[in-house]
Amino acid sequence: MSRLQDKREAREGLKVLGRQSAVAAVDLGASKIGCFIMKSDGIKADDRTIQVAGVAHVRSRGIRGGAIVNLEETAQAVAQAVERAETMAGVSISGVVLTTAVGQLASTRVHAHVSLGAKPITDNDLSRALQMALVQARFPGRRPIHLLPVAWSVDAQRGVRDPRGMFGRTLSLELMVVTMAETVFATLGHCMESVHLQLEGVVAAPFASALAALEDDEMDLGCVCIDMGGGSTSVAVFAGGSLVHVDALAVGGSHVTADIARGLSTTIAGAERIKTLHGSAIASSNEDREMIEAPPRGDDPGADPVVAPRSLLKGVIAPRVEETLELLRERLKASGAPIEPGAGIVLTGGASQLAGVRELAIRTFDRNVRLGRPRRAPHLAEAASGPAFCAAAGVLHRAAFGPREAVMERTLAGGRSVRESDGRGGVILRAANWLRDNL
């Protein structure tokens, strides 16, 4: 622990500088843990892009099937990724914002209505609506990680951006609440504390990926961002420029790797290598005659490699990917999420890069599908600019440009929940502060 102790002393010595000069995003996944650091001068307001000063990623440890299974291994991997990114950026970080799909992500839309008098709508009316929506955000055993106003409406007029000055009988607000398991949130906080990092917030991975990969028109007209990670497949639905639904499945690219290892009787490392080099979810020419080799299991140095036709590999990969996409499609239908008829699909995450995944998604959803990249961070090196790095880039873009939460991110990440201990006055104050800053 001497290295971690040295880093703790370095961080404490530069704590104020670190908080003021840089933002750190840690992508906590089952296949990799990445860290992006952005300095204050990396925000380019003229074209709404960011410049990342430090980038690092290491092989993930301690995370399996969308859950943390070894806290110490996960913490050590996070510390390693943060340390490398700090070295590249030339800054010391005391706190991080995590983006992840662990914790059984779920979303709920909360509606609030307030009666109006015979006078123009004022900030006080908006505060009352926001206050009522926040009071309804009660989810036992769940921790809210996002509170996002979706839309205002006055009487039957929907899609109002700023209702102040308008007349009506009823003012309505729709609030998007994204939650995760309270126990998982506490585990993440303890994990960061064990390597002397402050948890400054948690961002749902599909939401972060969408902020990095989607065009403004896609958000306005409707889009579904599917983040295909190693241990999970998660989704964020946008309509009218706002996030309207989040969900996650504990199935991802590592399950495809495990299927290959079982089907070919090879090691996990060998299966991952074969998947990367030869894997495909669709048929290709000559795949019956093309043979692939995989290392055998065990430590027998004289054992022959496993030899199989490439068609067998496709026969293992395609059913798992197709099953995952079909399950996600059915969950979206059951959720009642407002998906626009012409909404396209954007794939992000490392598992989306597997050949044939896009074609299977087109067939499963019967919609236009494209592969997403962190387009809002144009200066990233090629090795860190692929679909697998959208989530980390999205966290930095969110820190620079929003969207704004109804409650500050650090408040959500604090020891108290949205509704605890602050009383009625605290809720009203937060509502008033949000209105002042955002409308």
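Starting from residues that are surrounded by 24 or more Cβ atoms within 10 Å (Cβ to Cβ) and not in a strand (DSSP E or B), keep the ones in segment 232-253 and report whichever is farthest from the chain's Cα centre (by Cα).
Per the stated criteria, the residue is GLY253.
Would you mind listing the strands (runs of 3 or more DSSP E) fully within segment 298-407 where at least 3 residues are farther than 30 Å from PRO149 by Cβ, out of contact with any strand residue (DSSP E or B) (no Cβ under 7 Å at 6 or more places or on another chain) and among the aliphatic types (A, V, I, L, M)?
Those strands (runs of 3 or more DSSP E) do not exist here; none qualify.
Test of understanding: among LEU211, LEU199, LEU221, which residue is in contact (Cβ under 8 Å) with a residue 40 or more places away in the chain and either of a type in the set (Lys, Arg) or surrounded by fewer than 18 Cβ atoms within 10 Å (Cβ to Cβ) (or both)?
It is LEU221.
State the number of residues belonging to segment 106-132 that are part of a helix (DSSP H, G or I) and among the small types (Gly, Ala, Ser).
Of the residues in segment 106-132, 2 are part of a helix (DSSP H, G or I) and among the small types (Gly, Ala, Ser).
Looking at segment 180-198, can you tell me whether even one residue there is touching a Leu at 6+ places or on another chain (Cβ under 7 Å) and assigned to a strand (DSSP E or B)?
Checking segment 180-198: at least one residue is touching a Leu at 6+ places or on another chain (Cβ under 7 Å) and assigned to a strand (DSSP E or B).
Out of all the residues in segment 146-189, which are farther than 16 Å from VAL110 by Cα, aromatic (Phe, Trp, Tyr) and crowded, with 21+ Cβ neighbours inside 10 Å?
Within segment 146-189, PHE185 is the sole residue that qualifies.
Given the conditions (1) outside any strand (DSSP E or B); (2) of a type in the set (A, V, I, L, M, F, W, C); (3) farther than 19 Å from VAL246 by Cβ, and given that TRP152 satisfies all but one, which numbered condition is not satisfied?
With respect to (1) outside any strand (DSSP E or B); (2) of a type in the set (A, V, I, L, M, F, W, C); (3) farther than 19 Å from VAL246 by Cβ, TRP152 is out only on (1).
Quick check on segment 361-400: of everything there that is surrounded by 19 or more Cβ atoms within 10 Å (Cβ to Cβ) and without any contact (Cβ under 8 Å) to a residue 40 or more places away in the chain, which residue is farthest from ILE43 (Cα to Cα)?
It comes out as VAL369.
List the number of the failed condition for ILE43; all other conditions in (1) closer than 22 Å to GLU409 by Cα; (2) hydrophobic (A, V, I, L, M, F, W, C); (3) buried (at least 24 other Cβ atoms within 10 Å of the Cβ) hold.
(3)
Could you tell me whether LEU126 is in the same structural domain as LEU173 (by TED's automatic domain parsing), out of contact with any Pro (no Cβ under 9 Å at 6 or more places or on another chain) and crowded, with 17+ Cβ neighbours inside 10 Å?
no
The values are calculated or read from the model by the stated rules, or taken from the named source; none is laboratory data. It should be emphasised that the depicted structure is a prediction, and the values quoted were computed from it without experimental measurement. All Cβ positions, even for glycine, are placed from backbone atoms using ideal geometry, and neighbour counts span all protein chains on display.
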